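Below is one structure, written out as structure tokens; comments come after it.
The values are calculated or read from the model by the stated rules, or taken from the named source; none is laboratory data. All of these numbers come straight from a predicted model, not from anything done at the bench. Heads up, the Cβs are rebuilt from the backbone with ideal geometry, glycines too, and the neighbour counts pull from every protein chain shown.
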Amino acid sequence: MMTADGLRTIRNGDVGEAAITMAIGIVIERISQLSAEDKQDLFELVKGLESAECDEDIEAIRSGMLEILDQDQYEIRQFEPPSDEIPPGMVKWNQFVADKVRALREAANKTQTELARDAGLTQSHISRIENAELSPSHHTVEKLAAALGVQPGEIDPTR
């Protein structure tokens, strides 16, 4: 790991030429793998070395450089959309939630529009949930439960 003293030493020319050449070769190899944006950020940090006035400035620059250079490289692959088929367990859960929301809404003597307003959702969203066409998120279940005056576990048994 390069320290602030090490960067200052390189800047002052106290390191052997062979060591600097080898280090530069490694850095160039790594830089060639960076995105254009990361290369620009790294360039700006290198320019900042000239105006660094104290060890903290040098350490901040070093830290920024390492953050850019030490990124994990990821392989880019073709996106494969998930299958349109809903797993049987999810179909069963969607239907349970749909039936529960409808029953609780009717027991509260509310229309879909009223429940939507009270939960901060749209009526079409409520309709899709009640028809088991949509799996509500945990956040949506919490909103529905609050609007219906029940605990989220009454709508979603996994909670």
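Scan the range 95-118 and give yes if some residue there is at positive phi, of a type outside the set (A, V, I, L, M, F, W, C) and at pLDDT 95 or above, otherwise no.
Initial filter on the range 95-118 (at positive phi): 109.
Checking which are of a type outside the set (A, V, I, L, M, F, W, C) leaves us with 109.
Add one more test, that the residue is at pLDDT 95 or above, and what stays is 109.
Looking for residues that are at positive phi, of a type outside the set (A, V, I, L, M, F, W, C) and at pLDDT 95 or above, one finds at least one in the range 95-118, hence yes.
Please go through the range 101-157 and pick out each residue that is in contact with a His (Cβ under 9 Å, 6 or more places away or on another chain) and among the β-branched types (V, I, T).
T140
Out of (1) modelled with pLDDT of 75 or more; (2) under 29 Å from the mean Cα position of the chain (by Cα), the odd one out for S83 is which?
Just one mismatch for S83, condition (1).
Taking interchain pairs and intrachain pairs at least six residues apart, which have beta carbon atoms under 8 angstrom, with the first residue in the range 31-55 and closer than 16 Å to E67 by Cβ and the second part of a helix (DSSP H, G or I) and among the acidic types (D, E)?
These pairs meet every condition: G48/D57.
Go through the range 101-122 and give me each residue that's touching an Asp or Glu at 6+ places or on another chain (Cβ under 9 Å) and either closer than 23 Å to M90 by Cα or polar (S, T, N, Q) (or both).
Scanning the range 101-122 gives V101, R102, L104, R105, Q112.
Starting from residues that are surrounded by fewer than 17 Cβ atoms within 10 Å (Cβ to Cβ) and outside any helix (DSSP H, G or I), keep the ones in the range 125-134 and report whichever is farthest from the chain's Cα centre (by Cα).
N131
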